[in-house]
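Okay, so here's the structure we're looking at.
The values are calculated or read from the model by the stated rules, or taken from the named source; none is laboratory data. Small disclaimer: the values here were computed from a predicted structure and weren't measured. Cβ coordinates were reconstructed from backbone atoms using ideal geometry, including for glycine residues, and neighbour counts include every protein chain displayed. For the accessible areas, the whole protein counts, side chains as well, though only heavy atoms, and no ligand, DNA or RNA atoms are used. Shrake-Rupley method; radii C 1.70, N 1.55, O 1.52, S 1.80 Å.
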Amino acid sequence: MTPSSAPLLRTEGVVRRYRSGASEVTALAGVDLEIAAGEIAVVAGPSGSGKSTLLHLLGALDAADAGRVLFEGADLGALAERQRTLLRRRRLGFVFQAFHLVPVLSALENVEYPLLLDGVGRAERRRRAAEMLDAVGLAARLGHRPDRLSGGERQRVAIARALVHRPAAVLADEPTGNLDSRTAGAVLDLLADLNRSLGTTFLIATHDAALIARTPRRIVLADGRIVADSGRAA
Amino acid sequence: MRFAWLALRNLARNRRRTATTLAVVAAGTLALVLTAGFVAYSFDGLAEAMIHGGLGHLEVAPAAAVEARGAAALDRPLEHALAGWEGLRERLEALPHVAAVGANLQVMGMAQGPQGASVSFVGVGAEPDRARRMGFEKKLRAGELLPETAPREGEEAALVALGLAGALGVAPGDIVTLLATDAGGSLNALDVRVAGLVTTGVQELDSRYLELHLAAAQRLVGAGLASNLLVGLDETEATGEALAAVRAAVAGEQPPLAVVPWTERALFYEQVRNLYRGIFWFLGTIVFLLVVLATSNTLAMTVMERMRELGTLRAIGTGRGQLAAMILAEALWLGLLGSLAGCLLGVAAIAGINRAGVKMPPPPGAVDPIDLRLAYVPEAFAGALLLMLAVLAVAALAPVARAVRLSIVDALGHV
Ligand SMILES: Nc1ncnc2c1ncn2[C@@H]1O[C@H](COP(=O)(O)OP(=O)(O)OP(=O)(O)O)[C@@H](O)[C@H]1O
Ligand SMILES: [Mg+2]
């Protein structure tokens with residue numbers, strides 16, 4: 001990465017502590033990280049090492065106790081909630097381990113939802129959502145509700161939802177955690193494809209060894225600190 | 001608006017709970033429209049009963065008599081009685097909406113039965129032909145009504161109220177002697193044949209009331225006199241319009257005349273009306289509170305159960321206002337659908353009750369049992385619908401506040 005091109009995502013000495021009663025847990029203890037536009041990276045590390053916490057901060061879902069989180073050069077901590085909402089709606093996409101689809105909406109309607117939020121007209125919404133579902137290989141499942149889809153299919157719908165509005169970055173927290181290894185492999189292929197074809201930046205928190213092995217950039221957390229970053233080493 | 005459709009879908013999540021909530025809202029709506037229907041029918045029925053029971057729509061009486069006793073008083077003292085009123089009656093009967101104008105002469109005195117029983121009476125000399133044209137109804141319990149033509153001397157007849165007839169010990173065909181003081185202060189007597197027994201519908205009045213032909217009453221207390229003129233209209237709704245027209249027509253009469261609408265004379269009606277209104281507002285408040293309590297609990301539950309999903313929606317860019325709109329829309333759908341169902345049930349229930357012809361015990365002071373009937377009050381239907389929307393909006397306040405304040409990260413971790 002050349003120093004002149006500003007990174008898409010950047011953290012500077014980020015600290016996040018959780019207080020529960022008298023005890024305090026430091027989930028992130030000073031994280032410095034840069035992710036360039038178009039990168040695909042995994043965040044690895046043992047359970048409790050702070051992977052989810054990091055993704056929440058990068059995704060403008062949570063605020064750091066110290067340090068700064070920058071997205072496209074903007075300090076997320078300095079934004080109003082309304083601006084953070086708009087950022088999430090337009091520039092970011094999320095994929096969760098448990099899919100988190102809206103149960104009463106069809107696959108197509110779930111994918112339409114981010115466009116609905118932004119006031120995109122019905123016809124265009126339908127067209128773009130259908131296109132996106134086609135891109136994740138679900139053209140034949142548009143009218144199905146989540147409860148009538150398999151786990152892998154649900155995660156594809158969730159991926160389509162995360163990408164339909166063409167965000168700059170997609171943050172995925174254990175996207176394969178609820179899938180068997182073959183389905184997980186297919187979902188990973190899909191993410192790699194979309195990274196190449198759309199140029200979307202992907203940051204994936206995972207325990208999945210296969211996923212870690214095949215991704216060029218690996219950021220490893222332990223006790224809230226980055227202990228290895230293959231991207232930096234490279 | 002964008003969320004109305006999504007909100008409607010959300011109602012299908014837990015169908016049983018949605019159905020229960022809709023049932024609560026519908027029941028509240030039903031209670032309100034039925035009560036309003038009952039109250040409105042009772043108001044109308046009471047008003048019509050009073051008007052056609054002999055009050056008329058308007059009374060034209062000497063201003064001095066009205067001042068002396070008050071607008072609501074039924075008796076108009078003899079010393080102020082009208083003379084030469086026939087021309088005025090002709091003019092009034094020509095006015096729009098006026099069905100007929102009947103002259104009344106009130107007489108008070110002692111009545112003596114054939115066995116010598118002596119009871120004080122209040123009587124009215126009326127014009128049966130005008131009374132018929134005004135739609136007045138006599139509640140005849142025995143014998144027959146008075147003939148419409150004026151009786152010849154010595155052939156006077158009377159309708160005697162049940163209580164008075166009992167006290168006098170008379171039946172139709174018997175002769176009663178009436179004693180009364182005339183306008184000049186001398187005591188006159190008149191023998192009348194009991195034509196029929198009637199009830200006024202009011203127990204206290206029944207013990208003293210009798211009715212004569214106007215001509216017979218005039219023979220007793222003064223030729224040509226009338227205590228007042230009663231104006232009967234073709235429809236009660238025209239009262240305001242006719243009041244203005246009649247007032248304009250009598251302006252400048254000497255001695256001055258007052259025109260009193262039935263609403264001012266029927267004090268009892270106003271009291272019943274206020275009582276019913278109080279009951280209606282009381283019930284409305286209770287329904288409001290009950291439905292708020294019942295629905296706010298369910299709405300809170302639907303939000304609590306969906307915390308993780310709501311957190312997800314916020315994570316993927318749903319604004320706080322949008323989330324609030326979605327939950328409010330769910331509540332308003334419940335209010336709208338539930339109250340529409342309640343209105344439909346209301347229409348069906350009113351039709352059913354009216355067809356069934358249920359009898360109710362007589363109201364206090366009245367004699368006859370009344371039919372339980374309900375009116376369709378469009379305002380009550382619209383009002384109940386709006387009230388239910390308001391109820392659900394109020395019930396949604398706490399759940400909306402909860403959803404708006406949720407921490408996204410906590411909600412995502414919610415299980
Ligand atoms: N809301 C919270 N309240 C208190 N402590 C928290 C909270 N969220 C996370 N933590 C703590 O912060 C630390 C990091 O948690 P985090 O969820 O980021 O780990 P993770 O790497 O995602 O773990 P996993 O692989 O199990 O998902 C853990 O010790 C966790 O117990
Ligand atoms: Mg995690």
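Overview of results
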| read-out | value |
| --- | --- |
| Residue within the range B:395-408 that is modelled with pLDDT of 90 or more and within 16 Å of ligand 2 (Cβ to nearest atom) present | yes |
| Inter-residue pairs, beta-carbon under 7 Å, first within 14 Å of B:His213 (Cβ to Cβ) and in the same structural domain as B:Val231 (by TED's automatic domain parsing) and in the range B:128-148, second open to solvent by less than 80 Å² (accessible area, probe 1.4 Å) and basic (Lys, Arg), 6+ apart | B:Leu145/B:Lys138 |
| Condition broken by A:Asp118, with the remaining ones in (1) open to solvent by 40 Å² or more (accessible area, probe 1.4 Å); (2) within 16 Å of ligand 1 (Cβ to nearest atom) satisfied | (2) |
| Of residues in the range A:29-49 being closer than 14 Å to A:Ile219 by Cα and near ligand 1 (Cβ under 10 Å from one of its atoms), the one surrounded by the fewest Cβ atoms within 10 Å (Cβ to Cβ) | A:Pro46 |
| Lone unmet requirement of (1) touching a residue at least 60 places away in the same chain (Cβ under 8 Å); (2) closer than 25 Å to A:Ala29 by Cα; (3) at the interface with another protein chain (Cβ under 10 Å from one of its Cβ atoms); (4) of a type outside the set (D, E, K, R) for A:Ala63 | (1) |
| Some residue of the range A:35-44 being at the interface with chain B (Cβ under 10 Å from one of its Cβ atoms) and either closer than 20 Å to A:Ala184 by Cα or in contact with a strand residue (DSSP E or B) (Cβ under 8 Å, 6 or more places away or on another chain) (or both) | no |
| A:Ser52 under 30 Å from A:Gly152 (Cβ atoms), more than 11 Å from chain B (Cβ to nearest Cβ) and open to solvent by 40 Å² or more (accessible area, probe 1.4 Å) | no |
| Options B:Val292, B:Val347; residue that is β-branched (Val, Ile, Thr), open to solvent by 20 Å² or more (accessible area, probe 1.4 Å), assigned by TED's automatic domain parsing to the domain that holds B:Thr20 and at pLDDT 95 or above | B:Val347 |
| Residues that are closer than 16 Å to B:Val409 by Cα, hydrophobic (A, V, I, L, M, F, W, C), within 13 Å of ligand 2 (Cβ to nearest atom) and not in a helix (DSSP H, G or I), drawn from the range A:13-60 | A:Ala27, A:Leu28 |
| Single residue of the range B:130-147 satisfying the filter (under 27 Å from the mean Cα position of the chain (by Cα) and of a type in the set (D, E, K, R)) that is least open to solvent (accessible area, probe 1.4 Å) | B:Arg130 |
| Qualifying residue in the range B:303-311 (condition: within 16 Å of ligand 2 (Cβ to nearest atom), in the same structural domain as B:Leu6 (by TED's automatic domain parsing) and not aromatic (Phe, Trp, Tyr)) | yes |
| Residue check, B:Gly56 open to solvent by 40 Å² or more (accessible area, probe 1.4 Å) and under 28 Å from B:Ala244 (Cβ atoms) | no |
| Subset of the range B:274-286 (residues that are open to solvent by less than 60 Å² (accessible area, probe 1.4 Å) and not small (Gly, Ala, Ser)) | B:Tyr276, B:Phe280, B:Leu283 |
| Tally of residues being within 16 Å of ligand 1 (Cβ to nearest atom) and either more than 14 Å from every other protein chain (Cβ to nearest Cβ) or surrounded by fewer than 17 Cβ atoms within 10 Å (Cβ to Cβ) (or both) across the range A:200-228 | 19 |
| Of residues in the range B:303-332 being open to solvent by 10 Å² or more (accessible area, probe 1.4 Å) and facing chain A (nearest Cβ under 8 Å), the one nearest to B:Trp5 (Cα to Cα) | B:Gln322 |
| Members of the range A:10-28 that are surrounded by fewer than 23 Cβ atoms within 10 Å (Cβ to Cβ), away from ligand 1 (no atom under 11 Å from the Cβ) and of a type in the set (A, V, I, L, M) | A:Val15, A:Ala22 |
| Sole exception among (1) within 16 Å of ligand 1 (Cβ to nearest atom); (2) among the charged types (D, E, K, R); (3) surrounded by fewer than 16 Cβ atoms within 10 Å (Cβ to Cβ) for A:Arg182, by number | (1) |
| Test: residue in the range A:191-199 that is without any contact (Cβ under 8 Å) to a residue 60 or more places away in the chain, within 16 Å of ligand 2 (Cβ to nearest atom) and open to solvent by less than 20 Å² (accessible area, probe 1.4 Å) | no |
| Residue within the range B:38-49 that is in a helix (DSSP H, G or I), hydroxyl-bearing (Ser, Thr, Tyr) and away from chain A (no Cβ under 14 Å) present | yes |
| Among (1) more than 14 Å from every other protein chain (Cβ to nearest Cβ); (2) surrounded by 21 or more Cβ atoms within 10 Å (Cβ to Cβ) - the single one B:Asn10 does not satisfy | (1) |
| Members of the range B:105-128 found to be open to solvent by 20 Å² or more (accessible area, probe 1.4 Å) and in contact with an Asp or Glu (Cβ under 9 Å, 6 or more places away or on another chain), listed by number | B:Gln106, B:Met108, B:Pro114, B:Val122, B:Val124, B:Glu127, B:Pro128 |
| Residue within the range A:70-87 that is among the polar types (S, T, N, Q), buried (at least 17 other Cβ atoms within 10 Å of the Cβ) and within 16 Å of ligand 1 (Cβ to nearest atom) present | no |
| Residues of the range B:148-165 satisfying the condition of being part of a loop (DSSP other than H, G, I, E, B) and either among the basic types (Lys, Arg) or surrounded by 15 or more Cβ atoms within 10 Å (Cβ to Cβ) (or both) | B:Ala150, B:Pro151, B:Arg152, B:Glu156 |
| Yes/no for A:Arg122 being more than 8 Å from chain B (Cβ to nearest Cβ) and under 25 Å from B:Arg13 (Cα atoms) | yes |
| Residues that are within 10 Å of chain B (Cβ to nearest Cβ) and assigned to a helix (DSSP H, G or I), drawn from the range A:75-109 | A:Glu81, A:Arg82, A:Arg84, A:Thr85, A:Leu86, A:Leu87, A:Arg88, A:Arg89, A:Arg90, A:Glu109 |
